[in-house]
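In what follows, a structure is listed as structure tokens, so that the remarks can point back to it.
The values are calculated or read from the model by the stated rules, or taken from the named source; none is laboratory data. Keep in mind the model is a prediction, meaning the values are calculated, not measured. A quick note on method: Cβ atoms are made from the backbone with ideal geometry, for glycine too, and the neighbour counts reach across all protein chains shown.
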Number of protein chains: 2
Amino acid sequence: MDVIKLGMIGLGTVGSGVLAMIQEHADKIYAVTGRRLVLKTVMVRNLAKHQDVAEVVHLTTDLDDILSDPEIQIVVEVMGGIHPAKEVITQLLQAHKHVVTANKDLIATEGADLIRLARANGCDLMYEASVAGGIPILRTIADSFAADQITEVKGIVNGTTNYILTQMAQQGWTYAAALKQAQQLGFAESDPTNDVQGKDAAYKMMILSQFSFGTQVNLEDFETTGIDAVAAQDVRQATAFGYVLKLVGVARLVDQGIFVEVAPALVSVHHPLAGVNNENNAVMVRGQAVGDTLFYGPGAGALPTANSVLSDITTVVKNMILKTNGNSFNRYSQALPLATPAQVKDRYYLALTLPDQPGEMQKLTTVMAQINASFSQIVQQAGENGQARVMIITHTMSKEQLHELQQRLTALGTITLHCAYRVIE
Amino acid sequence: MDVIKLGMIGLGTVGSGVLAMIQEHADKIYAVTGRRLVLKTVMVRNLAKHQDVAEVVHLTTDLDDILSDPEIQIVVEVMGGIHPAKEVITQLLQAHKHVVTANKDLIATEGADLIRLARANGCDLMYEASVAGGIPILRTIADSFAADQITEVKGIVNGTTNYILTQMAQQGWTYAAALKQAQQLGFAESDPTNDVQGKDAAYKMMILSQFSFGTQVNLEDFETTGIDAVAAQDVRQATAFGYVLKLVGVARLVDQGIFVEVAPALVSVHHPLAGVNNENNAVMVRGQAVGDTLFYGPGAGALPTANSVLSDITTVVKNMILKTNGNSFNRYSQALPLATPAQVKDRYYLALTLPDQPGEMQKLTTVMAQINASFSQIVQQAGENGQARVMIITHTMSKEQLHELQQRLTALGTITLHCAYRVIE
């Protein structure tokens with residue numbers, strides 16, 4: 001019995017990659033596991049659309065063809081979305097199938113229920129492909145940082161926004177122009193909302209937080225800011241200050257509390273994340289013992305993501321051979337409170353406009369002094385309609401100070417704060 | 001029975017780091033494994049030297065105190081060197097102790113025997129710390145690339161030489177000056193031979209080859225060139241050409257043959273390896289499906305290396321709980337032939353001196369034409385004693401062509417080839 005049969009739900013980009021890899025890398029998988037993988041049945045919505053693979057797999061629109069097939073032991077879920085994916089995986093686990101999924105939305109929001117269900121049924125539930133596509137970051141955190149205390153995990157975990165920001169920086173384009181090109185080249189979807197508003201990155205940071213700190217953080221527990229309001233002049237000014245503007249997800253341990261945020265940030269050109277361009281992703285893990293390590297690779301794409309799915313499948317197969325299925329992918333669990341805004345300290349890049357007349361700059365410096373914050377670099381440029389544009393890099397300040405600054409500037413009435421981006425040295 | 005007792009052989013830099021981590025990270029390890037680790041007995045050569053830890057561990061000079069102690073289930077070997085480390089580990093495995101080692105020399109050269117012995121005794125033998133210190137590269141290749149076909153693994157895997165080359169590039173120092181400073185700062189040993197002649201990197205590439213291609217390559221099967229002959233002017237010229245000179249280990253699949261080499265190489269400033277500076281390490285893995293991924297972090301140091309040892313220990317502990325000990329760390333095994341010099345193709349940087357007189361340059365271009373190779377970039381500088389120094393970047397050529405070039409230039413008598421370094425774009 002050296003053949004293991006699989007089912008799959010969905011046959012889009014990643015699903016096609018999984019099908020191709022199972023066929024093309026069968027020998028390597030056999031060499032490593034001693035088993036031959038056969039993808040037996042694939043559930044799709046539209047049979048007619050997938051006739052090109054009808055000769056190599058059994059296509060069906062009926063989930064029951066997989067649920068009730070005792071030969072199928074492992075099922076790959078690549079249909080995406082939260083519903084009905086959750087209900088489908090629930091049925092699969094109840095039917096004692098091991099499940100491998102690339103579904104970050106589902107794992108980030110409903111993962112806890114499914115993980116419990118998998119354990120209760122003695123099944124594996126693996127989801128390496130849900131974060132950072134081809135980069136094997138979840139298994140690495142779970143296995144290789146098991147004895148270290150991770151203090152921060154941060155990264156560029158969305159390829160679409162990184163492609164857009166790279167083009168804005170390198171070509172001098174506006175956000176709208178860069179988005180349009182990204183859509184034409186297939187790096188952005190026709191409805192890019194989840195990517196450009198940061199939600200996709202937020203889901204990934206939730207999963208990374210679970211693995212790094214053992215703590216479930218909810219979407220409403222932290223701020224998520226996308227890149228759809230990023231101005232070309234701030235991208236330019238970042239470069240002039242010696243930084244690159246990136247959409248960065250941060251999850252950090254602060255005084256035994258947890259802080260998570262997804263937002264544009266200025267990354268020093270000397271920082272390893274600064275060189276991560278276009279659709280690539282990278283995750284930097286800071287361990288108390290190990291220091292800074294960086295994991296870099298393709299963040300999306302059919303084959304890179306399929307490789308993460310296949311690494312999950314081979315792990316499930318090894319567990320089947322060793323009869324050790326049913327252990328959670330991530331075993332680290334502890335309840336941590338959220339860090340307070342007063343605890344979270346960073347440097348910030350601020351862009352403001354103010355009337356180009358005597359006394360206005362003094363108002364700004366007075367407010368900064370009132371909240372006990374100070375400047376590190378400052379540049380003033382002539383703007384339009386008698387306004388000056390001022391770009392600042394601050395010294396370290398707390399999020400509480402930042403919020404107070406925003407309130408006091410609003411109260412002044414004449415100064416507009418366009419953005420406040422974290423600075424990463 | 002939630003306590004697991006360990007022994008350790010050696011208490012140098014890494015051993016002290018392991019002792020500290022077991023104590024300081026006990027809670028995290030307990031949270032992940034449900035077990036408390038206790039380092040019970042440490043074998044040292046000189047009891048008097050280690051009295052500072054005599055209160056927390058039992059110190060001994062007698063291996064039998066560990067071998068015959070049924071409470072000790074896992075032993076960490078950090079004594080280093082091939083003999084008597086091999087004999088010690090052999091006795092430990094025969095006594096049914098699981099072994100975790102950081103000993104690259106031993107694993108690279110005698111690993112096969114020990115791996116067989118571990119399996120035969122149902123014991124784990126793990127050695128993540130043997131390659132690239134704190135970077136969890138071996139477990140990542142074994143687990144996360146199990147379904148992909150790796151086609152190349154290359155990297156900066158020796159911190160001492162990378163520190164020296166970084167200082168030569170950034171400070172303009174000679175090799176001798178940079179080595180002296182590295183020794184003063186503790187980045188190079190008083191006898192740096194194994195590091196600067198590339199042997200340490202060669203051992204690591206042998207282990208990376210085993211994991212990436214399933215094939216054992218011996219030290220005498222490939223060329224190892226260190227950095228002790230690197231000239232400051234070639235470091236400078238590399239920069240002028242848009243490259244950084246690094247000691248790079250390469251293991252590559254070429255037409256189903258395997259090619260391994262350790263040698264200085266010119267790395268394009270746009271390549272992710274170019275930004276890996278000082279004592280840091282990085283390994284780039286190219287998978288057929290996943291494309292290029294990079295793993296970056298500290299290559300040495302007490303705590304980073306100790307973290308890799310601890311990640312092995314927690315894996316052994318998990319295996320003990322699941323009763324799955326005795327499976328090889330790396331399960332990929334196949335016999336591949338060595339690639340021939342005609343199959344291995346790269347671009348090269350060449351530095352030559354020749355008499356600064358009419359006709360000499362023509363001799364050089366004639367030889368290049370004879371071997372069917374060509375230049376991409378060329379710079380000539382006035383040298384000493386009527387000699388000109390010529391620095392070239394070639395188009396792609398095979399190692400066979402390179403060897404022929406060397407022979408023909410030697411035959412000419414007037415042209416001296418100082419170095420031929422691989423170019424990595």
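Computed quantities for the displayed model
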{"quantity": "Qualifying residue in segment A:299-310 (condition: among the hydroxyl-bearing types (Ser, Thr, Tyr) and either out of contact with any Gly (no Cβ under 7 Å at 6 or more places or on another chain) or in a strand (DSSP E or B) (or both))", "calculated": "no"}
{"quantity": "Flag if A:Ser398 is within 23 Å of A:Tyr243 (Cα to Cα) and either surrounded by fewer than 12 Cβ atoms within 10 Å (Cβ to Cβ) or modelled with pLDDT under 95 (or both)", "calculated": "no"}
{"quantity": "Residue that is farthest from B:Thr353 (Cα to Cα), among those in segment B:391-410 that are out of contact with any helix residue (DSSP H, G or I) (no Cβ under 7 Å at 6 or more places or on another chain) and of a type in the set (A, V, I, L, M, F, W, C)", "calculated": "B:Met397"}
{"quantity": "Subset of segment A:358-384 [of a type outside the set (D, E, K, R), without any contact (Cβ under 8 Å) to a residue 12 or more places away in the chain and farther than 18 Å from A:Leu412 by Cβ]", "calculated": "A:Gln381"}
{"quantity": "Candidate set from segment A:87-104 (those that are out of contact with any strand residue (DSSP E or B) (no Cβ under 7 Å at 6 or more places or on another chain) and buried (at least 18 other Cβ atoms within 10 Å of the Cβ)); member that is nearest to A:Ala302 (Cα to Cα)", "calculated": "A:Ala102"}
{"quantity": "Qualifying residue in segment B:267-290 (condition: within 13 Å of the chain's Cα centre (by Cα), closer than 23 Å to B:Ser398 by Cβ, within 14 Å of chain A (Cβ to nearest Cβ) and in a strand (DSSP E or B))", "calculated": "yes"}
{"quantity": "Test set (1) closer than 24 Å to A:Ile22 by Cβ; (2) touching a residue at least 60 places away in the same chain (Cβ under 8 Å); (3) at the interface with chain B (Cβ under 8 Å from one of its Cβ atoms); (4) in contact with a helix residue (DSSP H, G or I) (Cβ under 7 Å, 6 or more places away or on another chain) - A:Pro304 fails condition number", "calculated": "(4)"}
{"quantity": "Among (1) within 7 Å of chain B (Cβ to nearest Cβ); (2) out of contact with any helix residue (DSSP H, G or I) (no Cβ under 9 Å at 6 or more places or on another chain) - the single one A:Val316 does not satisfy", "calculated": "(1)"}
{"quantity": "Flag if B:Leu165 is more than 14 Å from every other protein chain (Cβ to nearest Cβ) and more than 25 Å from B:Gln73 (Cβ to Cβ)", "calculated": "yes"}
{"quantity": "Evaluation of B:Gly226 against (1) away from chain A (no Cβ under 14 Å); (2) more than 15 Å from the chain's Cα centre (by Cα); (3) within 30 Å of B:Ala382 (Cβ to Cβ); (4) not in a strand (DSSP E or B) (one fails), failing number", "calculated": "(2)"}
